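Okay, structure first, notes after.
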C-alpha cells in the first residue's frame, strides 16, 4: 500500500501516536460577516474510551469546506464540537466491525480523536498508488460534488461548452478535470487572482479563465466565451449567475452548488438577470445536495481511480500541517487562500 499519510510522508504510520489528551474545536459565537479566530475555541479533554459497539479513531486528515460558513449562522450548536469530514485510523475498538488499524472516513471531524460506531464510518478501499488525501478531495465529497453536478444535474454531453465559477477551488478544479475527461468542449473558469487563472489554464486544463476582479463579470465572460456556453457550474452565485444566464445557449443548464459570494455578505443585492431568458432559451436551473447522492461513491471510484493511476487525473490540493491550524486554514479558504481542495493533516 502506498497511500500517503500527509505533508510529504510516503507511507501510513504503522504505530499510532496516542496521547492522553483529545482536542476539539468549538464554535463560540455567531459571526457577522467574515468569521474570526475569536469565534472558535480549542477545548482539551481526557482521551475517551470506546464503549461496547464503538471504536476510537485517531484522525489523520481533516476537511475544511465552504459550507461550514453557512452552517455557522445557526446549524452548528455553540460551545459544542464542530462536525466535518475526516479520515482516521482505528486505535482502540470494542466492535468487531471496526478492527484496530483500519483507515475510515467519518463526519466527526474538527477533533483529534473521535468515537464512532460502524454505521457512522465508511471503510476506504485504499487503492494501490492513490494518496490518502485523495479520499477527502477528488475521491471524497469534493470530487463527488463535481461528478454528480456534471453527470446527473448537467447531464453533460460530449462537446458541451462549460463555464465554472470559483474554478480554482476544490470543486472547481475537480469539475474542470472531470469535464475534460468526460469530453467537454471549451472550458471557461473564473478565479480571484492572476496566479489562480494561470493554474487553471496551465495545470487543470481550462481553455481560458479570467480574474473576476478585472472588470464586470458579464463582460469578462463574453470575452472568454464569445459564442456562449451550454453548462454553468455555479459555486458563487451573484453576478456570476446573472452573467451565465445571459451567456447560455438554448437548452442550457445551470448547476447550482453554492453561493459563496453571499456566505459572508448576507446583505448582498439579489442576482440581476433577464428572467425572460429562462423561458425563451428553455433553460434548466437545478441545485442539489451531494448527501443525496452518496450511493454514487463507488461509481466515482470506478471513474476516477483509473485516471489517477494513469496520470490523466492529478490532485489539486492545499495541505496545511497541524491540527492546531485548522481554524487558520478555514479562514484562509474563505478568503481564497487555497488552490484546489484545502486539507489539514496531522503532524508527524
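The values are calculated or read from the model by the stated rules, or taken from the named source; none is laboratory data. What you see is a predicted model; the values in this text were computed from it and never measured. Glycine gets a Cβ as well: all are built from the backbone with ideal geometry, and neighbour counts include every protein chain shown.
Among the listed residues 52, 31, identify the single one that is over 15 Å from residue 327 (Cβ atoms) and out of contact with any strand residue (DSSP E or B) (no Cβ under 7 Å at 6 or more places or on another chain).
52
Residue check: is residue 179 assigned by TED's automatic domain parsing to the domain that holds residue 243 and assigned to a loop (DSSP other than H, G, I, E, B)? Give the steps one after another, and end with the answer.
Working: assigned by TED's automatic domain parsing to the domain that holds residue 243: yes; assigned to a loop (DSSP other than H, G, I, E, B): no.
Criteria not met by residue 179.
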Checklist entry - Which number in (1) surrounded by 16 or more Cβ atoms within 10 Å (Cβ to Cβ); (2) in a helix (DSSP H, G or I) marks the one condition that residue 299 misses? => result (1)
Next on the checklist: Any residue that is out of contact with any strand residue (DSSP E or B) (no Cβ under 9 Å at 6 or more places or on another chain) and over 16 Å from residue 132 (Cα atoms) - is there at least one of those in the range 76-86?
Outcome noted: no
Checklist outcome for this item: Residue set 305, 260, 255; condition under 26 Å from residue 135 (Cβ atoms) and not assigned by TED's automatic domain parsing to the domain that holds residue 173; output residue 305
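Tell me, please, whether a residue that is closer than 24 Å to residue 123 by Cα and without any contact (Cβ under 8 Å) to a residue 40 or more places away in the chain can be found in the range 260-281.
First pass over the range 260-281, keeping only residues closer than 24 Å to residue 123 by Cα: none.
No; the residues of the range 260-281 include none that is closer than 24 Å to residue 123 by Cα and without any contact (Cβ under 8 Å) to a residue 40 or more places away in the chain.
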Checklist outcome for this item: From the option list 154, 134, 146, single residue qualifying as at pLDDT 95 or above and in contact with a strand residue (DSSP E or B) (Cβ under 6 Å, 6 or more places away or on another chain) is 154
